[in-house]
Structure formats: structure tokens, C-alpha cells
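The values are calculated or read from the model by the stated rules, or taken from the named source; none is laboratory data. No experiment lies behind these values; they were computed from the predicted model shown. Because the Cβ atoms are built from the backbone with ideal geometry, glycine has one as well, and the counts that use them run over all protein chains shown.
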Amino acid sequence: MAESKKIQNRRFVRLDVVLPVKYRKYTGNPVFHEFFNVGRTNDLSVGGIKMAVSTPIPAGTKLDMEIELGEEVRPYVVGKVLDGEDRVMDGIPRRVEKVSFIEVDSEAQDMMMKFIFDHQRKEVRKDKKK
């Protein structure tokens, strides 16, 4: 008897979520006190994000990034812009950049995985109550 399997093309689970992201051209310094931009995620995975920004970022640009998962939960990652597209979001022109994480320590990875799975668990519970 043949088994049907759902094919997952991605390495990591992707969550559609809007979160603030501090970013700047790569310095290697995980501390964000000044001289940074703020974008918003469109989605998040442990491997990367789609991020809405006000100004396009050239493909290949390496970024310092801090993703605000909660009040005190802000993992630092290093990303690389893959490409992007122009969109209108809520009537405002935005650029959505696809960013792959190229340096993520295990603590940051754990924070993101916990956030994604906690969020998914809440959605499953909501669906069960319906």
C-alpha cells in the first residue's frame, strides 16, 4: 500500500507574522544603540525572513539584525539580502526584501524556534475551540 506524504520544500517552518526588526549594514556588533533602520517582518523562519522596509537594500548586502520576538526576547542574527520586490501595503509603497540568515548562534535559533512553535500551538488550540 502506498503512503501519501506531504512534501515540505523548506528546511524550516515559516510563520506569517509581523514583528519589528532593527537592521543596519553589517558591522559584526550585536548591540543596537543608534544608527539603525527599522523594518517589519512579513514572515519568519529560523533560516530567514521577508522584511518590509522603506528603502530598497541591494541584493548581496550583509546585515546586522535584531528581531523583536517579545519584550525582552531579541535575537541577533546576520542576514544577507537575496532579492526583493516592491509592494503596496495598507496603501503605503514598501519594499519587501528576502533575507537569508547566514550567522545565527544556537541561542538565537532556539529563541526563534520557541517563538514559532508557541505561536503555532496557540493557533492549533484556537482552531480546536471552533
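Take the conditions (1) in contact with a Phe, Trp or Tyr (Cβ under 8 Å, 6 or more places away or on another chain); (2) modelled with pLDDT of 95 or more; (3) of a type outside the set (Gly, Ala, Ser); VAL46 misses just one of them, which is (2).
Got a number for residues in the range 82-111 being in contact (Cβ under 8 Å) with a residue 40 or more places away in the chain and outside any strand (DSSP E or B)? Working first, answer last.
To start, the set of residues in the range 82-111 that are in contact (Cβ under 8 Å) with a residue 40 or more places away in the chain comprises 94-102, 104, 109, 111.
From what is left, the residues that are outside any strand (DSSP E or B) are 104, 109, 111.
The qualifying residues number 3.
Given the options GLY79, GLY60, name the one that is part of a strand (DSSP E or B), at pLDDT 95 or above and small (Gly, Ala, Ser). Don't jump to the end; show me each part of the working.
Values: GLY60 fails: part of a strand (DSSP E or B).
Only one candidate qualifies: GLY79.
MET65 meets each of the listed conditions (1) modelled with pLDDT under 95; (2) closer than 16 Å to MET111 by Cα apart from (1).
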